[in-house]
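What follows is a set of notes on a single structure, which appears directly below.
The values are calculated or read from the model by the stated rules, or taken from the named source; none is laboratory data. This is a predicted model, so every value here is computed, not measured. Quick reminder, even Gly has a Cβ in these numbers, built from the backbone with ideal geometry, and neighbours come from all protein chains shown.
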Amino acid sequence: MYPIHSRGRWAAALLALLLSGCAASPPQPAPTLYQKLGGEQGIHAIVEDFTYRLADDPELVAFFANTNIDYFVGSLQDYLCVVSDGPCVYRGAPMDKAHQHMGIREADFNRLVDVLQATLLDQPISASARNQLLKRLAAQHAAIMRYQ
């Protein structure tokens, strides 16, 4: 049989070993929506696909007739990056100012959302990530429609 002080040392050593294992691996933070969307490459793919779909839609393309497409693409990428908790900075106009007096009707807005949903369905992202992004973007509806 081991003396009492020897058992105490073993118990202390075992406890220290167990606790050091816990301290060595802190819990990993949950991935951001930006990461779930595929990061920079994923956002780029979403915006590229979305832009081509807008260009192919005879009802929506008119809203972009006088738009610098390169600026639009860059701004949309930055905006989606920021909205999804990515490391970007959006320098474009606020949503109400960016869309003011464009004459967007509710039907136009809904059509654009349909195009975005179709775009997102074709991306290799989860339904949860798609829904999170759409929810965050839907929060801008009132601002976009403010000056119509």
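The helices (runs of 4 or more DSSP H) found entirely in region 50-148 that carry 1 or more residues being β-branched (V, I, T) and within 23 Å of T32 (Cα to Cα) are 69-83, 106-121.
For region 86-99, taking the residues that are surrounded by 16 or more Cβ atoms within 10 Å (Cβ to Cβ) and in contact (Cβ under 8 Å) with a residue 24 or more places away in the chain, the one that is nearest to P58 (Cα to Cα) is identified as H99.
For S75, the criteria (1) within 21 Å of R146 (Cα to Cα); (2) at pLDDT 95 or above; (3) surrounded by fewer than 16 Cβ atoms within 10 Å (Cβ to Cβ); (4) among the hydroxyl-bearing types (S, T, Y) hold in every case but one, which is (3).
For every residue, the table says whether it meets (1) aromatic (F, W, Y); (2) more than 17 Å from V82 (Cα to Cα); (3) modelled with pLDDT under 65.
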| position | (1), (2), (3) |
| --- | --- |
| S20 | no, yes, yes |
| A23 | no, yes, yes |
| Y34 | yes, no, no |
| H44 | no, no, no |
| V47 | no, no, no |
| L54 | no, yes, no |
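Kindly indicate whether D114 is closer than 18 Å to A138 by Cα and free of Cβ contacts under 8 Å to residues at least 12 places away in the same chain. Spelling it out, D114 is indeed closer than 18 Å to A138 by Cα and free of Cβ contacts under 8 Å to residues at least 12 places away in the same chain.
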